[in-house]
Structures are given as C-alpha cells and as structure tokens.
Amino acid sequence: MKKKLVAGNWKMHGSQLANVDLLSELVHGLASTAPACDVLVCPPAVYVAQVAALLQGSVVQLGAQDVSAQEAGAFTGEVSAAMLADLAVRYAIVGHSERRKYHGETDALVALKAQRVLACGVTPIVCVGETLEEREAGHAFEVVKRQLAAVIHHNKHCVSEVVVAYEPVWAIGTGKTATPEQAQEIHAVLRAQLQAATAHADRVRILYGGSVNAANAAALFALPDVDGALVGGASLKAAEFLSIVAAVQ
Ligand code: 13P
C-alpha cells in the first residue's frame, strides 16, 4: 500500500524566526514516534534554503509552492525547477487555485510546470478543484477532469509520478471542508481518469485539501481514494499539524 502524504502549504506566511520555532516544534514532535506517512512542508521560496538547513537529518521533507514554467534565462523573479532540485526540494505544488486565480495560470501552463519539475526529479503536486459556482452548476467533475487532463496529455505515462491534490476552491481557507462523500466522489473520478492514462494509477497519491484540521483529518484519511492532505492554515500551528499527521493510521 502506498504511504500517505501530509503536506503543509505555508502560503505567504513565515519569517526566519517563526520558521525556526515552527520547525523545531514539528521536528521535535516527530522525533519520538516515526510518522506513518510522509510529511512535507512547503515554505515560501525565499525561505527554502533556510528550511532545507533546519530540516537536515529530520524525516520532514521539503517542498516548494510554485515553480517557473521556463527552464532558465531572462525571467526576472522566477525560480526554476533545477534551482529547487539544487536545494534538495522533493516536491513542488503546481496549479494551486490561488495561482490560477491571482496569476492567471492556465491548465496548459500548469501542465508545463509539472513537466519542468518532473524533468528535474522533483515531484509535482498538481492541484485541481472547482469553484462554488462551478459546483452549484453541476460542473465539478467536468472541471477537475479538464484540469487533470491537461497534465495527463502533456506528461503522458510520466503522470504516474505525480501527486494530485483535490482542493475545492470553496473549501480553501473557509472552514468549510468537503464532506467525506464529496471528497471520495471526486477522488474516485480522478483515480478512474488516471487509470485510463497509466497502468500505474494506483501508485498516484491523491490528496485532499481545503480546511483540513485535526478534527476532520481522520475521517478524510479513512476514505479509499484519499491518500493524504494538503494543509494550509493548520500547517502553521505545529500541534495541529502534528495531530493531522497522527491521524494517519
Ligand atoms: P486551508 O487548509 O487553509 O483551507 O488551505 C488549503 C490549501 O489551499 C492548501 O494548499
């Protein structure tokens, strides 16, 4: 059985001082009992080097929140996949709904970003998810399938190497989690889509994200197609994040 993954997306939060406090609590909390899942933190790009140093020797892995779609060159402000790999970054979130919404990222761009990180040996965490309007209009399946299809089309059989995160936009930062039924229903659709694309679909971890906390994590992790969580706000509180990790059986 594949190991679940609990990933913390810090978004635009943190400072050198706050990062030391959060990570020392986290690393200390995980030192006594080995977690049953992979544990990942994704700090802002500017702190990746600091966090890499702080995580030396710990089980906590390092991820990035985004990556450039370009390989290298005159792209002011961008961070390449090769640079992330150079800092021992293992995962990179691509296509987070906040990037799609505020930075106009398209399905095609997200698919290219996934390709860039895969080429550097970094695992993309491909985010998909519908807005409230799309759900209410009955288009949730169609939206997530379209978003994942772009990544499959562009990356072909390599799609077995990605992590997918279903993050319904209406559940992000709202305190409104998808019900276990809603999450499982979408995860099953995504799994079937992966099965049609690769013989290794069962190896792909499909995370749920959107107001995951210590109270709702266990019910989500019990679902057959939920292979972990992408956690926002609750990943900034060490005790809460540790409880989510502990909810993995
Ligand atoms: P919240 O857990 O704060 O809802 O954020 C989810 C998210 O967007 C993780 O990427």
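Readers should treat all values here as calculations from the given coordinates under stated rules, not as data from a laboratory. The structure presented is a predicted model; accordingly, all values stated were derived computationally and were not measured. Here the Cβ is made from the backbone with ideal geometry for all residues, glycine too, and neighbour counts use every protein chain on show.
The figures follow:
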item: ³J(HN,Hα), Karplus 6.51/-1.76/1.60, whole Hz, each residue of segment 33-39, x for Gly, Pro; result: 10, 4, x, 7, 9, 6, 10
item: Overall form of segment 81-225 per C-alpha gyration tensor (a/c, 1.5; a/b vs b/c); result: rounded
item: Residues whose placed amide H lies under 5 Å from that of Ile93, excluding near-sequence neighbours; result: Ala64, Gln65, Asp66, Ile125
item: Cα centroid separation, segment 36-56 to segment 188-212 (Å); result: 25
item: The chain, dipole about Cα centre (Lys/Arg Cβ +1, Asp/Glu Cβ -1), debye to the nearest 20; result: 320
item: Cα gyration tensor shape for segment 3-124, rounded if a/c is under 1.5, else prolate or oblate; result: prolate
item: Rg/Rg_ref, the chain, where Rg_ref = 2.2 N^0.38 Å and atoms are Cα; result: 0.94
item: Cross-link partners of Lys156 among lysines (Cα-Cα below 29 Å; sequence separation of 8 or more within a chain); result: Lys2, Lys3, Lys4, Lys101, Lys113, Lys145
item: Which of Phe241, Phe141 has the fewest Cβ neighbours within 10 Å, and the rest in rising order; result: Phe141, Phe241
item: Distant-in-sequence amide H partners of Gln61 (H built 1.01 Å from N, under 5 Å); result: Val39, Leu40, Val41
item: Chymotrypsin sites (Phe, Trp or Tyr not before Pro) restricted to DSSP loop in segment 1-93 with at most 12 other C-beta within 10 Å; result: Phe75
item: With 10 Å bins from 0: P(r) over segment 167-249, alpha-carbon pairs, percent; result: 19, 49, 26, 6
item: Ranking of Asp107, Asp227, Asp66, Asp86 by count of other Cβ atoms within 10 Å, fewest first; result: Asp86, Asp107, Asp66, Asp227
item: Cys158, Cys127 arranged by Cβ crowding within 10 Å, fewest neighbours leading; result: Cys158, Cys127
item: For segment 1-41: rounded, prolate or oblate by the Cα gyration tensor [a/c cutoff 1.5]; result: oblate
